[in-house]
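First comes the structure, then the notes that go with it.
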Amino acid sequence: MTQAPQSVGLVTAQCAVFDAPFQLQGGAVLPGFQLMYETYGQMNAERSNAILICHALSGNHHVAGRYTAEDKYPGWWDSMVGPGKPIDTNRFFVVGLNNLGGCHGSTGPASLNPATGKPWGSAFPVVVVNDWVQSQALLADRLGIDKWAAVIGGSLGGMQALRWTVTFPQRVRHCLTIASAPKLTAQNIAFNDVARTAILADPDFHGGDYYDKGVVPRRGLKLARMLGHITYLSDEGMGGKFGRQLKAEGGYQFSYETEFEIESYLRYQGDRFADVFDANTYLLMTKALDYFDPARHFGGSLPKALEATPAKFLVVSFTTDWRFSPERSRETVKALLDAKKSVSYAEIESVHGHDAFLMTDEPYMQLMHAYLNRVAEEVGV
Amino acid sequence: MSTKTELRPDLARIASWIAPQTRVLDLGCGDGELLAHLRDAKAVSGYGVEIDMQGVIGCVARGVNVIQRDLESGLAGFEADSFDYVVLSLTIQSMKHVEAIIDEMLRVGRTGIVTFPNFGYWENRYQLALGRMPVSETIPYQWYNTPNIHLCTLNDFDALLTSHGARITSQMVMHQGRRITFLPNLLGSLALVRFERR
């Protein structure tokens, strides 16, 4: 029965090493790789209660809980995952991982290339969403999970969830794709390109091989993040939070210093991000977004791509999300209806723009609770 | 958990018009009561369409497929002829685009089922005769706060269907959950009409 939501408490990251060569869709072969992951809750005897959480552009394997009691912040989706929370760890065995190409411990551009003994840097191959799904399937095999009770993700994570049902139609019971899209629009690719250009144009980028130069392309990465951040918020949300407030008393300074609160906020966010994230990973993740188009190998037909799966779907969008607008989610829904799939679609009212998928708007939490409760009953937990 | 509860009488009547193992689109489905019943009792599959978030959550909690959208914008997204039945229950009277939704129902489904409060019911006529806008069990609003902007009588609705190329295959009226056979347009407060393309 429902209980007051709690934290999963203290958690520890684990590492899964895969020694076999791994063929990527772009043609390159990785000589093995490792994935950082975390798990919460217990697998049941039937192994039917596992849920995979796919992360978005800047996410990682630390989905919920804290590493130490002193950690300032919990995992990135702590609001959604935990005992009594919508993804209830009293009922589900939840797996979060850092995707291949990431910068939080999984093999990525900053890892050592065994062939050279130096960081991969520019030599690290481009990875696409389907490569992630393939690597996640290897992790599922390793953990003894034949079929996920659900694969869940927001934004780029939602693309992975959708791709799972195309690549491994029989291994997904439920697919929850939130604030996502079946493919990017030109405008969305354009945003990504400006972000990449900011990084590529940073003199400290050194063509991607900056690791042994003692520098990082901070300015480019910061700019990329600032731009991205604007597109994750709604005009309404940003206006409500910052308006035209100035940082200091005394009115306009008639200078180019940081004066408005929104400037200060964006720069702070950009700096904080540049401290912890790797520029090459940012390039790789945005490119994976751009290339995503599961209908491509099915004559451009998304219903055909989805034909094989018996999975059930929940598609969620947010009213003020303009980076992955409700319109884009409706395209996914239309394809699922055309393919006569079991699907529910909700358009949540929120002022939080694209970021709403990480927030806790009440109807959103209620919806997730209700859906995952059905999933739990279905798999007998 | 689906607990066996008594289905609303008008929904029970609609359900009786729907054959087992068919596909149903329920427009304005609320919390999915009808579709959950049809699934459990008749192995019917399909989707609900609902604009209200609490209704959507109710559907999801019952395991009923639901698409959140405004019916006023039509049924784009649903393929032509993709359902055996399209149901619109106690909703049409509050819709702006009545003709459009009838056309859409005829497009995506083989059979349409519409229920609405019958404005021809004697009590409504009586109140009008006394010089006031009717307020009754099926129309429980004042004229200034009613969501009902397109009220009609059983006969009016028949005429609309005919003019949109539909053929009525069954119709009945009810009052307080009971079927009325004598002077239906006068003695029935709730109308149920089943129709298909002519």
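Each reported figure results from applying straightforward, stated rules to the coordinates on display, with no laboratory input. These numbers were taken from a predicted model, which means no experiment stands behind them. Cβ sites come from the backbone with ideal geometry, for glycine too, and all protein chains shown count toward neighbours.
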Legend entry - Mean Cα-pair separation over length for chain B, i.e. relative contact order, pairs under 8 Å, 6 or more apart, %: 18 percent
Inset, instruction - Starting from the range A:52-129, pick out the chymotrypsin sites (Phe, Trp or Tyr not before Pro) whose DSSP state is loop and whose Cβ has at most 14 other Cβ atoms within 10 Å. - result: A:Tyr67
Legend entry - Contact order relative to length of the range A:1-66, as percent, for alpha carbon pairs under 8 angstrom and 6 or more apart: 37 percent
Inset, instruction - Evaluate peptide B:58-70: per residue, the Cβ atoms of other protein chains within 10 Å of its Cβ; return the mean as an integer. - result: 6
Legend entry - Spherically averaged projected area of the range A:153-290 from its Cα convex hull (nm²): 11.4 nm²
Inset, instruction - Treating each Cα of chain A as an identical point scatterer and ignoring solvent, apply the Debye formula and state log10 I(q)/I(0) at q = 0.08, 0.12 Å⁻¹. - result: -0.40, -0.94
Inset, instruction - Calculate the length of the line joining the C-alpha centroid of the range B:25-98 to that of the range A:182-258, in whole Å. - result: 43 Å
Inset, instruction - Normalising by the residue count of chain A, find the relative contact order in percent from Cα pairs under 8 Å and 6+ residues apart. - result: 17 percent
Inset, instruction - May I ask for the distance between the Cα centers of the range A:348-381 and the range A:2-31, given as a whole number of Å? - result: 23 Å
Inset, instruction - Tell me the Kirkwood hydrodynamic radius of the range B:1-77 in angstroms, computed as one over the mean inverse distance between distinct C-alpha pairs. - result: 12.5 Å
Inset, instruction - Report ³J(HN,Hα) in whole Hz for each residue of the range B:137-149, in order, from the Karplus equation J = 6.51 cos²θ - 1.76 cosθ + 1.60 where θ = phi - 60°; Gly and Pro get x. - result: 4, 8, 10, x, 10, 7, 4, 8, 10, 7, x, 7, 10
Legend entry - Normalised alpha carbon radius of gyration of the range A:278-381 [divisor 2.2 N^0.38 Å]: 1.23
Legend entry - Charge context of B:Asp84, other residues only, Cβ under 15 angstrom, K/R +1, D/E -1: +4
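Averaged across orientations, what area in nm² does the convex hull of the alpha carbons in the range B:9-197 project?
10.4 nm²
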Inset, instruction - Quick one: net charge around A:Lys222, please, counting Lys, Arg +1 and Asp, Glu -1 for every other residue with C-beta under 10 Å from its C-beta. - result: +2
Inset, instruction - Give the order of A:Thr177, A:Thr309, A:Thr197 when sorted by the count of other beta carbons within 10 angstrom, beginning with the fewest. - result: A:Thr197, A:Thr309, A:Thr177
Legend entry - 13 Å beta-carbon shell around B:Arg167, net charge (K/R +1, D/E -1): +2
Legend entry - Span-like helix ranges in chain A, DSSP H, alpha carbon extent 15 angstrom or more, Kyte mean at least -0.5: A:129-143, A:156-167, A:186-200, A:218-232, A:279-291
Inset, instruction - Fewest Cβ neighbours within 10 Å first, please rank A:Arg244, A:Arg47 accordingly. - result: A:Arg244, A:Arg47
